[in-house]
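Asker: Dumping the structure here so I can ask a few things about it.
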């Protein structure tokens, strides 16, 4: 399951990402656990949705730990009662793939 998307950037020092999180911001705890400093950008939430899309920037040297942290999201979501998180991510990725093909 892929719950993030790497964006194109011109910066020689940082990568830009968007990732999927819930209204409790469970990713924050994982970034702290993995010692990944994150600069958060805009947050996009649909009305009455439990999930949101969050933009962020990370330094290039933290990319592997960033990905490891997000790899743990699915299990954390299930433990917190967000059992449809994997379906939400799959649906989001389908929408992104369709938009790329146009």
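Taken together, the values in this text are just the output of simple stated rules run on the coordinates, not laboratory data. This is a predicted model, so every value here is computed, not measured. Here the Cβ is made from the backbone with ideal geometry for all residues, glycine too, and neighbour counts use every protein chain on show.
Asker: For the range 49-68, enumerate the residues that are farther than 15 Å from residue 2 by Cα, exposed (fewer than 15 other Cβ atoms within 10 Å of the Cβ) and out of contact with any helix residue (DSSP H, G or I) (no Cβ under 9 Å at 6 or more places or on another chain).
Answerer: Residues satisfying the conditions are 60, 61.
Asker: Quick check on residue 76: is it in contact with a helix residue (DSSP H, G or I) (Cβ under 8 Å, 6 or more places away or on another chain), closer than 15 Å to residue 20 by Cβ and in contact (Cβ under 8 Å) with a residue 40 or more places away in the chain?
Answerer: On the way: in contact with a helix residue (DSSP H, G or I) (Cβ under 8 Å, 6 or more places away or on another chain): yes; closer than 15 Å to residue 20 by Cβ: yes; in contact (Cβ under 8 Å) with a residue 40 or more places away in the chain: yes.
So residue 76 fits the description; yes.
Asker: Sticking with this structure for a sec: Return the pair list, or none, for Cβ contacts closer than 9 Å from residues in the range 86-102 that are in contact (Cβ under 8 Å) with a residue 40 or more places away in the chain to residues that are in a helix (DSSP H, G or I), at least 6 apart or on different chains.
Answerer: Every condition considered, the pairs that remain are 86/74; 86/77; 86/78; 89/73; 89/74.
Asker: Which condition breaks for residue 11 when tested against (1) surrounded by 15 or more Cβ atoms within 10 Å (Cβ to Cβ); (2) touching a helix residue (DSSP H, G or I) at 6+ places or on another chain (Cβ under 9 Å)?
Answerer: (1) is the only condition that residue 11 fails.
Asker: I've got another one for you. So is residue 46 free of Cβ contacts under 8 Å to residues at least 40 places away in the same chain and surrounded by fewer than 13 Cβ atoms within 10 Å (Cβ to Cβ) or not? Explain how you work it out, then say what you get.
Answerer: Numbers: free of Cβ contacts under 8 Å to residues at least 40 places away in the same chain: yes; surrounded by fewer than 13 Cβ atoms within 10 Å (Cβ to Cβ): yes.
Taking the combined requirement at face value, the residue satisfies it.
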